[in-house]
Structure formats: C-alpha cells, structure tokens
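Trainee: Starting off with a structure, shown below.
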Amino acid sequence: MSDKGREVVRAIHGIRGVGEVIKIVEGKRVIGHRELPMALRELHDGAIYLHGGRVYEVYKLDLSSRTAYVRKLQGDYDFYTTALYSSEPRIDEILEEGFIKSVPYQYVRLTIKEVVHGYVVKRFGSGEVVEKREFGEPFTYEFRTKGVVIYAPFITFSPFENVDVVERGGRAYHAAEHVMIMVGENVIGGAGPTDLGGISYPTGHIIIYDSYPGGSGTARMIIKRIDEVLKISLSVLTHCTCTDGCPPKCVYSPYCGNDNHYLSRKNAIKVIDAILKGGVSSSVSELPTGGSYD
Ligand SMILES: [Zn+2]
Ligand SMILES: [Zn+2]
C-alpha cells in the first residue's frame, strides 16, 4: 500500500489502520475507503452499502485492484444484505499457553483465510430473508493476526433435542463464542463491536481473534479478564427469557457468518458453566479441518 493509502486508513481508523483497504468508487469518483478484511463482508458483489447517509449497491468487487464499484440506489430502499462467510484458521505460532480453571488455552499467531461465499437479502425492520445468493467464485482474503484458542470440554447434551450430536455441539460452542465476544467487547474499555472475530467447532474448539490484521491486543485482553467475561456471559444467557436464542439480547450477532443459524442459548449455558466449574477437564487437540461456525 502507498504512503497515501496508509494515511487515508489512519485518518479513518486511527491506530488500528495497519491493514489494506478497498477503494469505493462511484462512476469515476472515489467516495470512500474500507479496511480489509471487514470490507470483504460489506463490499462483495451485490452488497447493499450505506455510506454518507446514502444507499449504494456494489455491482463489482475487484480484489486485484482493491476496488469496489458502486451505484447509488434511488428512493426508499427497503433491503439490506448480510454476507455468508467462513473463516479458515491456521495456527502459525504458539505465544503462550495456560489454563482457564481446568480448560487449556493457547494464545497464538494465526493466519485466517476469510471466504465470502454468498449473501442474504433481507427486509429492513422485519429482517425477513427475501433471497439467498451464492457466488460461483467466492471472494477470499488472507491475513495474519493473533488470537486465543480455547479447548473447551466436550459436553453431553440432552438426547431429547431433535438434532444430531454434531449439530448440537455446533449450536452450543457457536453460541458460547458469540456471547463471549459480545461480552468481551463490552468488558474491555475502548473495544469496538467488530474488534473481535470468532470461529468455533462442534468439537469444542473456540477461537477468538483480533479482526484487524497484525492483531490489536483485544483477544489477549479477553484472556486476562476471562473470569469476568465468562461470569457475565453466563448471566446474560441465564437471564434471557427467550426459548433458545434471540436477537439482539443473548446469542445473536450481526456479524455472524452463518446468519445466526446453529445457535442454542441453553447449550451455551452448559458450555460456559462447565468451563467455570472446572469439573470437566479437556486437552489440547488439533483444529478440525472443516465444519466450523463463525
Ligand atoms: Zn435470548
Ligand atoms: Zn456465528
């Protein structure tokens, strides 16, 4: 990136701006910049993008030139889009290891490949899904960052739920990941709602990482204050009166790559309770190669 580019990023995002940016172009005019990897989720082909109080549609994202071409939408536009994505993590280096009660964790350097494979079109207000689109060729972006891997214990869930074992586990750890991120960003002063990303697996692996390339130190703060984060998370989950997960109070996240499917508030309670009680021990094991939730 040019020095000018870096200046633009710093101007927009302060000290966090160390990554690459996507240029937003309307006609021949650059109307803004958005930082990667977040830009990938907001400026893919077909995305509805709000900018300066106006509504735009992205008609082409050209990653090779780091440019999103947009056109203005006229009148009252009633729809918005949510990206469907998955994040493929790779652990590059272990920086620190420890235990949360009897649950092992590692603070690591990671490479994350973000893959936006489609999106949903929704109606404002109701959030009703109008259409779901998948790209023939996904948009991908790889970046290096830091994060924490929690090797949460495997929990046995109620056999009376009408879902299979893998999906039950997925719903549990995925929901626990969402709530820990939401609570973590609130507990850590100065953290924004998109500072942390999460990846979880039905096996109990939960990754919470800095969304900004290079790492911002937010995920590390989560580990430093993990007791508080877990206790508040448990309280959020147990005090919500919804059936099994609701927007926006408990386990839903506006940044979910799975459009908030595969979440269970009740099973997330079991996961967090088990970590806090420290009664169930678990061990460090390799990350699965697929089947993750974001
Ligand atoms: Zn709820
Ligand atoms: Zn999610």
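The values are calculated or read from the model by the stated rules, or taken from the named source; none is laboratory data. Quick caveat: nothing in here was measured; it's all calculated off a predicted structure. A quick note on method: Cβ atoms are made from the backbone with ideal geometry, for glycine too, and the neighbour counts reach across all protein chains shown. To get the accessible areas, we keep the full protein, side chains included, count just its heavy atoms, and leave off ligands, DNA and RNA. Shrake-Rupley method; radii C 1.70, N 1.55, O 1.52, S 1.80 Å.
Trainee: Once the dipole of region 51-202 is set up with Lys and Arg at +1 and Asp and Glu at -1 on Cβ about the Cα centre, which of Val179, Gly127, Leu110 lies farthest towards its positive end?
Mentor: Towards the positive end, the residue furthest out is Gly127.
Trainee: What size of dipole, in debye to the nearest 20, comes out for the chain about its Cα centre when the only charges are +1 on Lys and Arg C-beta atoms and -1 on Asp and Glu C-beta atoms?
Mentor: Working: 35 positive and 36 negative charges, 131 e Å.
With Lys and Arg at +1 and Asp and Glu at -1, about 640 debye.
Trainee: At a 10 angstrom cut-off on C-beta neighbours, averaged per residue, how do the peptides 119-126, 221-228 rank from highest to lowest? Provide the component values of the computation, followed by the final result.
Mentor: Numbers: 119-126: 14.5, 221-228: 17.6.
Final packing ranking: 221-228, 119-126.
Trainee: Please list 3J(HN,Hα) in residue order for region 118-135, calculated via the Karplus relation 6.51 cos²θ - 1.76 cosθ + 1.60 where θ = phi - 60°; whole Hz, with x for glycine and proline.
Mentor: So the Karplus estimates, Gly and Pro as x, are x, 7, 10, 9, 10, 8, 4, x, 7, x, 4, 7, 8, 7, 10, 10, 10, 7 Hz.
Trainee: Among Glu114, Glu128, Glu185, whose mean-square fluctuation peaks in a Gaussian network model of the chain (Cα, cutoff 10 Å)?
Mentor: Per the Cα network of the chain with a 10 Å cutoff, Glu128 tops the list.
Trainee: Send over a whole-number figure in Å² for the accessible area per residue of region 120-257, probe 1.4 Å. Write out the running numbers ahead of the final one.
Mentor: Working: 6100 Å² over 138 residues.
Solvent-accessible surface per residue comes out at 44 Å².
Trainee: Using the beta-carbon distance between Thr243 and Glu286 and R0 = 51 Å, what value does 1/(1 + (r/R0)^6) give for FRET efficiency, to the nearest 0.05? Each step should come with its number before you reach the end.
Mentor: Details: r = 35 Å, r/R0 = 0.69.
Once rounded, the FRET efficiency stands at 0.90.
Trainee: Whole-Hz Karplus ³J(HN,Hα) for region 245-262, in order, using 6.51 cos²θ - 1.76 cosθ + 1.60 and θ = phi - 60°, x for Gly and Pro?
Mentor: x, 8, x, x, 6, 10, 9, 7, 10, x, 10, 5, x, 10, 6, 6, 8, 6
Trainee: Sequence-distant or interchain residues sharing an amide H contact under 5 Å with Leu36, placed H: which?
Mentor: Placed amide hydrogens put Glu20, Val21, Ile22 under 5 Å from Leu36.
Trainee: Then there is this: Just to check I understand the Karplus step: with θ = phi - 60° and J = 6.51 cos²θ - 1.76 cosθ + 1.60, what whole-Hz values come out for region 232-237, glycine and proline as x?
Mentor: 5, 4, 4, 5, 4, 5
Trainee: Does the chain classify as rounded, prolate or oblate by the C-alpha gyration tensor (a ≥ b ≥ c root eigenvalues; a/c under 1.5 gives rounded; else a/b over b/c gives prolate, otherwise oblate)? Could the numbers behind the result be given before it?
Mentor: On the way: a/c = 2.01, a/b = 1.47, b/c = 1.36.
Cα axes put the chain in the prolate bin.
Trainee: Which whole-number percent is the relative contact order of the chain (Cα, under 8 Å, 6+ apart)? Intermediate results must be reported in sequence, preceding the final value.
Mentor: Numbers: 631 pairs, mean separation 51.0, N = 294.
Computed value for the chain: 17 percent relative contact order.
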